[in-house]
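Colleague: Sending over a structure as structure tokens; questions will come in a sec.
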Amino acid sequence: MNATDAECSELHPVYTFGRPPQGRRQFLTKSAWIGVWLVFLSAPVKDLAEGRHTPLATVFGSLGLALFVACYLTLVFRYTTRILRWRAVIVSFVLLVALASVLAFSFGDNWLGLFVYVSVSAGAVLPVRYALGVIPAVTLLMILVGLRDDGLGDLVTNLGVITLLVGFAMSGVRELIRTTVQLRQARATVAQLAANEERLRLARDLHDLLGHSLSLITLKSELAGRMLPTDPDKAAQQVADIEQVSRQALVDVREAVSGYRRRTLADELAGARTALTAAGVDAVVPLEPPAELPGEEAEAALAWALREAVTNVVRHSGARRCTVAFTARQTLEGRLLELSVEDDGVGGAGAVAGNGLTGLVERVEAVGGVLETGPGERRGFRLAVRVPLAKAAVGSPS
């Protein structure tokens, strides 16, 4: 039991419904809840205490009653929530029926209350489809045994109705317990799925963040190394850029871990120009994002798509030129904003199968968009992302 469960158990004992007792307090609570139903044993105990039977009969009656109570408590304590050993359940239940029949027939109608416990046990441990037949059968057996000392009318109106109703009520309680257990398991499953989804999100974000930043750091490091012998000042500028990129990467990673990071097109356009220029690629990149932008989530998806596309151009394409463009389109489904990134390289080898594009597809589909990849118009590779502008905020970019 985790901390939250423990706190709820302290405040609400019913919260432990359908759960095995955890600790002494819960064990005593469950024992009291079950023990209150032992009131029907008052008649057999009183019958033995009054001394109306021979000493030998009293001894056998006491032993039989003790064994009956042990079988009953074993069934309702251990097998109400779940059953691991059906053979033990069947043996215990058959023994319970036999003891109730023998004791009630031998000692008289004061012992007929034992059949109430048999009916409760049937409702507590048997599946509903079986309990619906067994409970009436137990009630009928109780009536047949009781005919030895009592009339049919009294048996039906007194213990017969009680035995029948209590058994069916316990069957309903068992179904409630099973539903509670299933809901608790479902909640645990949902929590596990949410944790897995968060791990996937974090892994995807870190891949997108570090892949781009480390590629840029590598390129600038190589460029600084080539410039150092001939142009130390420019090499120093590249080293300063490396420091700035690494610091920004550290900030991005911290924000990704905290879950507060949101990418914007304005930031990514500036980063795309820097990365492409450092890689020696002629960058045709807009200075500002389009005036009409989608919602924040859709804009973030476009920003991630731009970052991943530029990273793939720098890493894999061997391109000399890369073009980034935005186009607003009117379709039957509504207005869309399309981002296209096209290069003149070798076709984006290795980009399609990478984890980056897989993560992009998830991001874009989550905001109702579409991602397409394929060859460019002349050569190279083209990535296009279209997201809806239905919830767009129109205005000048900041």
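The values are calculated or read from the model by the stated rules, or taken from the named source; none is laboratory data. Everything numeric in this text was worked out from a predicted model, so none of it was measured. As a convention, Cβ positions derive from the backbone with ideal geometry for all residues, glycine included, and neighbour counts pool all protein chains shown. Areas reflect the complete protein model, heavy atoms only, side chains present, ligands, DNA and RNA absent. Shrake-Rupley method; radii C 1.70, N 1.55, O 1.52, S 1.80 Å.
Colleague: So which residues in the stretch 203-220 are open to solvent by 50 Å² or more (accessible area, probe 1.4 Å) and more than 26 Å from the chain's Cα centre (by Cα), if there are any at all?
Modeller: Hits for the stretch 203-220 are 210, 214, 218.
Colleague: Evaluate the following for residue 114: is it within 18 Å of residue 158 (Cα to Cα) and in contact with a Phe, Trp or Tyr (Cβ under 9 Å, 6 or more places away or on another chain)? Please lay out each step first, then the result.
Modeller: Numbers: within 18 Å of residue 158 (Cα to Cα): yes; in contact with a Phe, Trp or Tyr (Cβ under 9 Å, 6 or more places away or on another chain): yes.
Yes; evaluated as a whole, the condition is true for this residue.
Colleague: For the stretch 298-330, which positions are among the charged types (D, E, K, R) and in a helix (DSSP H, G or I)?
Modeller: Result: 299, 307, 308, 315.
Colleague: On to the next question. I'd like to know if the stretch 297-320 contains one or more residues that are more than 22 Å from residue 271 (Cβ to Cβ), modelled with pLDDT of 85 or more and open to solvent by 10 Å² or more (accessible area, probe 1.4 Å).
Modeller: no
Colleague: Please verify whether the stretch 148-157 includes one or more residues that are at pLDDT 85 or above, farther than 30 Å from residue 55 by Cα and assigned to a helix (DSSP H, G or I).
Modeller: no
Colleague: Restricting attention to the stretch 269-286, report how many residues are in a helix (DSSP H, G or I), open to solvent by 10 Å² or more (accessible area, probe 1.4 Å) and in contact (Cβ under 8 Å) with a residue 24 or more places away in the chain.
Modeller: The total comes to 3.
Colleague: Would you mind finding the one in 195, 224 that is out of contact with any Leu (no Cβ under 9 Å at 6 or more places or on another chain) and either surrounded by fewer than 17 Cβ atoms within 10 Å (Cβ to Cβ) or within 23 Å of residue 251 (Cα to Cα) (or both)?
Modeller: On the way: 224 fails: either surrounded by fewer than 17 Cβ atoms within 10 Å (Cβ to Cβ) or within 23 Å of residue 251 (Cα to Cα) (or both).
Of 195, 224, the one residue that is out of contact with any Leu (no Cβ under 9 Å at 6 or more places or on another chain) and either surrounded by fewer than 17 Cβ atoms within 10 Å (Cβ to Cβ) or within 23 Å of residue 251 (Cα to Cα) (or both) is 195.
Colleague: Another question, if that's okay. Would you mind stating whether residue 298 is under 33 Å from the mean Cα position of the chain (by Cα), in contact (Cβ under 8 Å) with a residue 24 or more places away in the chain and over 26 Å from residue 378 (Cα atoms)? Give the steps one after another, and end with the answer.
Modeller: Numbers: under 33 Å from the mean Cα position of the chain (by Cα): yes; in contact (Cβ under 8 Å) with a residue 24 or more places away in the chain: yes; over 26 Å from residue 378 (Cα atoms): yes.
Yes: the conditions hold for residue 298.
Colleague: Could you tell me whether residue 289 is modelled with pLDDT of 80 or more, in a loop (DSSP other than H, G, I, E, B) and open to solvent by less than 20 Å² (accessible area, probe 1.4 Å)? Before the answer, list the steps.
Modeller: Numbers: modelled with pLDDT of 80 or more: yes; in a loop (DSSP other than H, G, I, E, B): yes; open to solvent by less than 20 Å² (accessible area, probe 1.4 Å): yes.
So residue 289 fits the description; yes.
Colleague: I would also like to ask the following. Which members of the stretch 115-140 meet the condition of being crowded, with 18+ Cβ neighbours inside 10 Å and either basic (Lys, Arg) or under 14 Å from residue 160 (Cβ atoms) (or both)?
Modeller: 115, 116, 118, 119, 135, 138, 139
Colleague: Criterion first (touching a Phe, Trp or Tyr at 6+ places or on another chain (Cβ under 8 Å), modelled with pLDDT under 85, crowded, with 20+ Cβ neighbours inside 10 Å and closer than 27 Å to residue 214 by Cβ) does residue 360 satisfy it?
Modeller: Working: touching a Phe, Trp or Tyr at 6+ places or on another chain (Cβ under 8 Å): yes; modelled with pLDDT under 85: yes; crowded, with 20+ Cβ neighbours inside 10 Å: yes; closer than 27 Å to residue 214 by Cβ: yes.
So residue 360 fits the description; yes.
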